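Read the structure below first, then the notes.
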Amino acid sequence: MSDDWDVPDRSFVVLGGRTSCAHELDAVSLIVTERDDTAGLGLEEAAIVRMCASPTGVVEIASRLRLPVGMAQVLISGLLDQSRVTARHPHATSASPHDAALLRKVLVGLHHL
């Protein structure tokens with residue numbers, strides 16, 4: 001934060017003074033653009049609309065914008081309010097964490113890394 005009181009904080013400017021989310025978003029929620037027009041949006045919000053033409057995770061959005069996840073969540077929440085994007089939340093699976101087939105798939109995936 002700047003010592004000069006006349007210079008606004010970047011996070012305040014980016015968020016337009018908002019401090020909370022109206023929507024509950026997980027870091028792994030996928031965000032998808034519904035309306036690709038960016039008229040009236042700030043730079044970061046317009047970037048989110050463009051990058052979410054294909055499903056993009058909240059964490060990836062934050063990383064690409066070089067913002068903390070919480071700030072990205074506030075921006076995405078505003079876009080959800082405007083119906084410019086939708087969120088696809090992760091679903092719990094019915095598989096047991098001790099399911100042998102699931103564990104084998106995870107192990108194979110790790111070997112491929």
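The values are calculated or read from the model by the stated rules, or taken from the named source; none is laboratory data. Given the structure is predicted, the values throughout are model-derived calculations rather than measurements. Here Cβ is always computed from backbone atoms with ideal geometry, including for glycine, and neighbour counts include all displayed protein chains. Note: accessible area is taken over every heavy atom of the protein model, side chains too, but ligands, DNA and RNA are not part of it. Shrake-Rupley method; radii C 1.70, N 1.55, O 1.52, S 1.80 Å.
The table below lists the values:
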item: Residue identified as in contact with a Cys (Cβ under 9 Å, 6 or more places away or on another chain), hydrophobic (A, V, I, L, M, F, W, C) and either at pLDDT 80 or above or open to solvent by 40 Å² or more (accessible area, probe 1.4 Å) (or both) among VAL74, VAL59; result: VAL74
item: Filtered residues of segment 13-42 (kept if open to solvent by 60 Å² or more (accessible area, probe 1.4 Å), at pLDDT 85 or above and either part of a loop (DSSP other than H, G, I, E, B) or within 12 Å of ARG84 (Cα to Cα) (or both)); result: ASP26, VAL28, GLU34, ARG35, ASP36, ASP37, ALA39, GLY40
item: Conditions (1) open to solvent by 70 Å² or more (accessible area, probe 1.4 Å); (2) of a type outside the set (Phe, Trp, Tyr); (3) modelled with pLDDT of 95 or more: number failed by HIS91; result: (3)
item: Test: ALA53 is open to solvent by 80 Å² or more (accessible area, probe 1.4 Å), assigned to a loop (DSSP other than H, G, I, E, B) and of a type in the set (A, V, I, L, M); result: yes
item: Failed item in (1) at pLDDT below 95; (2) in a helix (DSSP H, G or I), with PRO97 passing the rest; result: (2)
